[in-house]
């Protein structure tokens, strides 16, 4: 008995830890793929940070770690030129971008939430056709509608100057129209997961549809509101083509249009200042994501667990 027991113990020990298993081909492939993906994802970020603190301002002479830098002022050369150049209204561009992106985000989330709630809870004539139409419009890229958008704002500006060409109001109007379709569909799918019993119980207790939506439904769909907020804010902040066409005055430019001016010259391009401005432009996006992260991760995880 003792010999059999000792043999069994030694065999179990060998199975558990005595024999080392080599990684499979699939595991190696996944690790290599992840490393390649991380390299492609992190390289632009590292390059922008390096270029922002490189005083050469050139892609040809740029090194990963700035060379021959003797003082902090020299290390911050690109930032000093960005902030102190009287011909570069950087802070005006930054304010314009944040204002346009913030207003567009708030209005888009509010309008899309009300529309999605209506499509999810009410049944009316033409509902399905309207839903399909709003989605089909998003299939066509914005560049196909550039001429139509320009002419439309030109006509609207004659009666409502606030939404005319070369105004932030006109740019916000275009952003609102372009972002409603996808966001309404995204929110509607989330609203459909909320039990209708909540609405029916609230209506039985005497609440109106607006009170039910504002006090009961909105707190339950906070995760999708946070997701849409980030998508709209980032998309609007990074948008270039529409802003470049609609805004013509230098002081009214958004940050993306203003930064493009540094790398669009015929003979000289200042990539260092461009990188410094891009690094600052990424700060609001990072802060917004950090502030809404608990709603996105926690809320979506809870929704997935509930099934």
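Throughout, read-outs are computed from the coordinates displayed, never taken from laboratory work. Please read these numbers as outputs of a predicted model, since none were measured by experiment. All Cβ positions, glycine included, derive from the backbone under ideal geometry; neighbour counts span all protein chains shown.
Given R0 = 45 Å, the distance between the Cβ atoms of residue 144 and residue 249 translates into a calculated FRET efficiency of 0.95. Taking the average, over residues, of other Cβ atoms within 10 Å as the packing measure, peptides 202-208, 186-192, 228-234, 247-253 rank 228-234, 186-192, 247-253, 202-208 from highest down.
The simple spin-label model puts a point 7 Å past each Cα toward its Cβ; for residue 265 and residue 238 those points are separated by 2.7 nm. Relative to the current alpha-carbon distance between residue 222 and residue 75, full extension at 0.36 nm per residue lengthens the span by 48.6 nm. Ranked by the mean number of other Cβ atoms within 10 Å of their residues, highest first, the peptides 102-113, 126-137 fall in the order 102-113, 126-137.
Label sites at residue 42 and residue 25, each approximated as a point 7 angstrom past Cα along Cα to Cβ, lie 2.9 nm apart. A Förster distance of 51 Å, applied to the separation of the beta-carbon atoms of residue 135 and residue 83, puts the FRET efficiency at 0.70.
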